[in-house]
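One structure below.
The values are calculated or read from the model by the stated rules, or taken from the named source; none is laboratory data. None of the values given here were measured: they were computed from a predicted structure. Cβ placement follows ideal geometry from the backbone for every residue including glycine, while neighbour counts extend to all protein chains displayed. To get the accessible areas, we keep the full protein, side chains included, count just its heavy atoms, and leave off ligands, DNA and RNA. Shrake-Rupley method; radii C 1.70, N 1.55, O 1.52, S 1.80 Å.
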Amino acid sequence: MTDDVRLAWAYLSRVAEPPCAELAALVAQVGPVEAADMVRCGGVEELAPHTGARRHIDCAARDLEVLDRLGGRLITADDDEWPTLSFTAFGGEQVLRRREGRSPLVLWAVGPAQLDEVAERAAAIVGTRAATAYGEHVTADLAVGLVERDVAVVSGGAFGIDGAAHRATLASDGVTVAVLAGGLARPYPSGHTTLLRRIAETGLVISEYPPGVHPGRLRFLTRNRLVAVLAGATVVVEAGLRSGAANTAAWARMLGRVVCAVPGPVTSSVSAGCHKLLRDGAQLVSRAEDIAELVGRVGELAPEEQHPTSPLDGLGEAEQRVYDALPARGFRTADEIAVASGMPAQRILGPLAMLEVAGLVVQQDGRWKLSKLP
């Protein structure tokens, strides 16, 4: 990317509040350099409502200086790293009805991970900032399991569930992506400055806002669409009825992604949002294998859950009826067992022999009773 093109992208990234469909259309038509010149001189009337307040402010050189100091890069649709396939989801009819339902114009990124590679096999883990010990434990367990299955973990870098997902992924030497609602030079929350720095060392920290832009409520809601679109499935671990995590899940559903939720105690207010998602059709998940199956390759299936086994497993119907007809105390004759089981007496001896071989019944003087199971 040449210097003039880089400066143009940086200017366009700040001149209108992203995402701006009109600005994106102009860039697609004339390219970033000419588009930046046209916007700067106010030559595009239909863009005036979106760029009029900022077109005279050109912080591109300074923003790029900060990005370089952070060791970051700009990612645009002209780069191989651009997750083109993932971003095609923004072309859906339902998504396009939302003003913010558009692909980002440019992404500011820090970290060695390649965004297109991450998006091929990733799951988003999101949830409330007021996470419980249960929620953080489940989050860590899911994140570690996903790392073991070579799945990247995407989240929003916030306190609570987001932070637990990022930390567990880092502790397992996995790849995690933090999508910020403000500029890279203003880590938010500030209490996660060190965590975000660690993510940038091995994974990726991205934002569609230039360095120094302060996060705001609407920017968080706009950011959530990127968390959802970069992952094959969005997993909500804990969330209230009205929460950012529920908003991310709504974006995931609109974008054609799988929405998953972790059930919690029915008395917990921070699980109420998860339970509503489950009532509305979200997939219930409790283990990483289930999530990996949803975001994995064709034919990649989660292993069958292990169920408790019993000596009674595998008995045929006749053996089960005879077994149920036997007393735990005292003995019964074949005729008494026939009456209790409702089976003809001549059909009793075969099942009794099978049960005796299996060690489930004992016989004494032509009478039977149940043995003590181990």
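Odds and ends about this structure:
- Across Cys41, Cys260, the residue with the most accessible area heads the list, and the full order at a 1.4 Å probe is Cys41, Cys260.
- Once the Cα atoms are used to define both axes, helix 244-254 deviates from the longest principal axis of the chain by about 90 degrees.
- For Trp368, the solvent-accessible surface with a 1.4 Å probe is about 30 Å², rounded to the nearest 10.
- GNM result for the chain, Cα springs below 10 Å: residue of Gly135, Gly145, Gly42 fluctuating most strongly: Gly42
- Residue order by solvent-accessible surface for Phe220, Phe90 is Phe220, Phe90, largest first, with ligands and nucleic acids left out and a 1.4 Å probe.
- The distance from the alpha carbon centre of region 176-228 to that of region 317-344 is 69 Å, rounded to a whole number.
- For the chain, the longest principal axis of the Cα atoms and the long axis of helix 133-148 meet at an angle of about 80 degrees.
- Rounded to 10°, Cα long-axis angle of helix 193-202 versus longest principal axis of the chain: 80
- Probe 1.4 Å, protein heavy atoms only - accessible area per residue of region 1-155 in square angstrom: 48
- Arg129 - accessible surface, heavy atoms, 1.4 Å probe, Å² rounded to 10: 130
- A simple charge model with +1 on the Cβ of Lys and Arg, -1 on the Cβ of Asp and Glu and nothing else charged puts the dipole of the chain at about 1340 debye relative to its Cα centre.
- Counting only DSSP beta bridges with both residues in the chain, the antiparallel share comes to about 35 percent.
- Max mean-square fluctuation residue, GNM over the chain, Cα-Cα springs under 10 Å, options Ser269, Ser155, Ser207: Ser269
- Solvent-accessible area, 1.4 Å probe, carbon plus sulfur percent, for region 46-143: 50
- Alpha-carbon centroid distance for the pair region 118-161 / region 49-84, whole angstrom: 29
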